[in-house]
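Visitor: My questions will all concern the structure given below.
The values are calculated or read from the model by the stated rules, or taken from the named source; none is laboratory data. None of the values given here were measured: they were computed from a predicted structure. Cβ atoms come from the backbone with ideal geometry, glycine included; neighbour counts cover every protein chain shown. Please note that ligands, DNA and RNA were not included when accessible areas were found on the heavy atoms of the full protein model with its side chains. Shrake-Rupley method; radii C 1.70, N 1.55, O 1.52, S 1.80 Å.
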Amino acid sequence: MHRLLSRRDIPLREKTLWRMLYETAARSAEILALNVEDLDLEHRRAPVRSKGAVEWVYWESGTARLLPRLLQLPDGSTRTRGPLFLSERRPVPARRPVAADICPHTGRARLGYDRARVLLDQYASLDLHQLRHSAATHLGETEVPPQLIMGKTRRKNPRTAMRYVKPGAEAIAAVTEHLAPPRRRP
């Protein structure tokens, strides 16, 4: 995962999207629906609408470093409104999306799920949803408690979080020490 996100041949938009998906462990549609004005850059978070409720997703320093570059316009100013992730070109009149999905600064439309999916497959032969699962799996591998994995992924059922907790041999050996009788002190 880290190798993919550090590759130099990947465009800024894709690198920012994939890193944000991984670091937030959010659903792809939630992140693609974000607008620039939704971002709380100082606290590294944004509200997302998730199954009817508004919840916060949080990102780390990788995404925090990329977002200002993504928001910068060619003239040096910064985008302040509109969709966060934009398509490569302006929409043609026959396929013009609703006004809320068009950037007021560039005239380009919001990046769609299908195009984002194709780009990740093209560069890494992965599915967008795998970024969410990779984040949860990596948290489980580092012995993060299932309750925190549930909180990060915003899952309600503990059974779904448990599938990411797969302790390795070292973790099991360390736990086994707790079963040993207390050692005598000299």
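Visitor: Mind listing just one residue for me: the one in region 136-162 that is closer than 18 Å to Tyr22 by Cβ and charged (D, E, K, R) and, of those, nearest to the chain's Cα centre (by Cα)?
Guide: Across region 136-162, the extreme among qualifying residues is Lys152.
Visitor: Moving on. Which of the residues that make up region 96-112 are open to solvent by 90 Å² or more (accessible area, probe 1.4 Å) and farther than 16 Å from Leu34 by Cα?
Guide: If the condition is that a residue be open to solvent by 90 Å² or more (accessible area, probe 1.4 Å) and farther than 16 Å from Leu34 by Cα, then Arg96 is the only one that fits.
Visitor: Which members of region 135-159 meet the condition of being in a helix (DSSP H, G or I), more than 17 Å from Glu30 (Cβ to Cβ) and of a type outside the set (D, E, K, R)? Give the steps one after another, and end with the answer.
Guide: Looking only at region 135-159, we keep the residues that are in a helix (DSSP H, G or I), and these are 135-141, 146-153, 158-159.
This time we only want the ones that are more than 17 Å from Glu30 (Cβ to Cβ), so: 137-141, 146-149, 158-159.
Thr137, His138, Leu139, Gly140, Pro146, Gln147, Leu148, Ile149, Pro158, listed by residue number.
Visitor: Shifting gears a bit: Which helices (runs of 4 or more DSSP H) does region 1-48 wholly contain that include 1 or more residues that are under 25 Å from Thr137 (Cα atoms), touching a Leu at 6+ places or on another chain (Cβ under 8 Å) and basic (Lys, Arg)? It would help to see each step written out before you state the result.
Guide: Working: elements: 2-5, 12-24, 28-32.
So the answer is 12-24.
Visitor: Right, next: Hey, does region 35-58 have a residue that's under 19 Å from Leu4 (Cα atoms), within 13 Å of the chain's Cα centre (by Cα) and of a type outside the set (S, T, N, Q)?
Guide: Filtering region 35-58 for residues under 19 Å from Leu4 (Cα atoms) gives none.
There is no residue in region 35-58 that is under 19 Å from Leu4 (Cα atoms), within 13 Å of the chain's Cα centre (by Cα) and of a type outside the set (S, T, N, Q).
Visitor: Restricting attention to region 13-51, report how many residues are touching a residue at least 40 places away in the same chain (Cβ under 8 Å), of a type in the set (A, V, I, L, M, F, W, C) and open to solvent by less than 50 Å² (accessible area, probe 1.4 Å).
Guide: 11
Visitor: Scan Arg115, Arg81, Arg132 and give me the residue that is touching a Ser or Thr at 6+ places or on another chain (Cβ under 9 Å), open to solvent by 70 Å² or more (accessible area, probe 1.4 Å) and either closer than 30 Å to Thr153 by Cβ or part of a loop (DSSP other than H, G, I, E, B) (or both).
Guide: Details: Arg81 fails: touching a Ser or Thr at 6+ places or on another chain (Cβ under 9 Å); Arg132 fails: open to solvent by 70 Å² or more (accessible area, probe 1.4 Å).
Selected residue: Arg115, the only one of Arg115, Arg81, Arg132 that is touching a Ser or Thr at 6+ places or on another chain (Cβ under 9 Å), open to solvent by 70 Å² or more (accessible area, probe 1.4 Å) and either closer than 30 Å to Thr153 by Cβ or part of a loop (DSSP other than H, G, I, E, B) (or both).
Visitor: For region 157-172, check the following and say yes or no: at least one residue is hydroxyl-bearing (Ser, Thr, Tyr), touching a residue at least 24 places away in the same chain (Cβ under 8 Å), surrounded by fewer than 18 Cβ atoms within 10 Å (Cβ to Cβ) and touching a helix residue (DSSP H, G or I) at 6+ places or on another chain (Cβ under 7 Å).
Guide: Here is the first cut: in region 157-172, the ones hydroxyl-bearing (Ser, Thr, Tyr) are 160, 164.
Restricting the remaining residues to those that are touching a residue at least 24 places away in the same chain (Cβ under 8 Å) gives 164.
Next, only the ones that are surrounded by fewer than 18 Cβ atoms within 10 Å (Cβ to Cβ) stay: none.
Scanning region 157-172, I find no residue that is hydroxyl-bearing (Ser, Thr, Tyr), touching a residue at least 24 places away in the same chain (Cβ under 8 Å), surrounded by fewer than 18 Cβ atoms within 10 Å (Cβ to Cβ) and touching a helix residue (DSSP H, G or I) at 6+ places or on another chain (Cβ under 7 Å), so the answer is no.
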